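The values are calculated or read from the model by the stated rules, or taken from the named source; none is laboratory data. It should be emphasised that the depicted structure is a prediction, and the values quoted were computed from it without experimental measurement. Reconstructed Cβ throughout: ideal geometry from the backbone, glycine too, with neighbour counts over all protein chains shown.
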Amino acid sequence: MNAPLFTQTTIALVWDFDKTLIPGYMQRPLFERYGVDERRFWQEVNALNEQYRQMGCEQVSNELAYLNHVLEYTERGIFAGLNNAVLGELGAALELYPGLPDFFAKLRAFVRERPAFAHHDIQVEHYVVSTGFTRTIRGSAIAGQLDGVWGCEFVERDGEDGPVLHRIAYVLDNTTKTRAVFEINKGVNKHPEIDVNDAIPEADRRVPFQNMIYIADGPSDVPVFSVINRNGGRTFGVYNPAKPREFKQVSRLQAQGRVNMIGPADYRDGTQTSMWLGNAVEEIAERIVRDRERALGDKVGRAPRHLND
């Protein structure tokens, strides 16, 4: 009998980025750097949907529309000299929610320092799956705590004063985020020789969905919430406690059964969010231990023993 491909002792926390790890949108420092009106930019992006349809397009991608608008601004010189290095620098300007990035490290340490969990080599990994810029996420203060990032990327061309953004290399939207969680599930991110479309039995996948927790802020994350929930994982909706509209939004998701629990985007010790996520990690780790010890007991026959009178 062939041994399983993976030990399945990894717990993966998969995070959205905007309004989940930071209070707003990661593009804000870009607009501030170039003196661009943020609201006007997004109004122009929203108008592109109808413009493209009038030009005969039956299907329009909102994410492609905003990425193409970034490229247009770059070509017109509004975002003069914008390149991947600049996108990375902008990440340093992002303000994380309270408790971050320390909370990520604390979850890892909690599992690593429990003898029963360490004995079975249980580990915590953190991933970001976002429709924002991969380079900006990589330049943020959370980057050092991440095991992987899925986002949107650009390729460059040589400009007069150096490289500038030229083409879209990769785009992630709210539906294709599900592809990212399947890649984590199957281990594609760790083993590129595996294709996400390969048929891999559940017992051979690197991170079973029941070992995953998905944390995000809104209705746009429903496709991923659905995949995780349907396959036995856990889901958590966060909101900015200073914005009642965000609370109502995730409250509706909970009422609809889209998420298991909601809480404020505050990851400091003692908050509802930090305690719920910590408890979820602990429960998953305990279940992994039980399953592995049960499997070991099934495979190892007990030696005969003397019977006492």
(request) Mind listing whichever residues of the range 115-163 are crowded, with 16+ Cβ neighbours inside 10 Å and charged (D, E, K, R)? (result) Glu125, Arg135, Arg138, Asp147, Glu153, Glu156
(request) Scan the range 190-214 residue by residue and report those that are polar (S, T, N, Q) and either at pLDDT 95 or above or surrounded by 20 or more Cβ atoms within 10 Å (Cβ to Cβ) (or both). (result) Gln210, Asn211
(request) At least 1 residues that are under 22 Å from the mean Cα position of the chain (by Cα) in each: list the helices (runs of 4 or more DSSP H) lying fully within the range 77-181 that qualify. (result) 84-91, 102-113, 134-138
(request) Could you identify the single residue in Ile284, Ile262 that is over 21 Å from Glu95 (Cβ atoms), crowded, with 17+ Cβ neighbours inside 10 Å and in contact (Cβ under 8 Å) with a residue 40 or more places away in the chain? (result) Ile284
(message) Condition check: at pLDDT 95 or above, surrounded by fewer than 22 Cβ atoms within 10 Å (Cβ to Cβ), among the charged types (D, E, K, R) and farther than 19 Å from Leu13 by Cα. Does Arg167 satisfy that?
(response) yes
(request) Collect the residues in the range 56-97 that are among the aliphatic types (A, V, I, L, M), under 22 Å from Gly24 (Cα atoms) and at pLDDT below 95, keeping them in residue-number order. (result) Leu64, Ala65
(request) Tell me, please, whether a residue that is aliphatic (A, V, I, L, M), touching a residue at least 12 places away in the same chain (Cβ under 8 Å) and surrounded by fewer than 15 Cβ atoms within 10 Å (Cβ to Cβ) can be found in the range 85-96. (result) yes
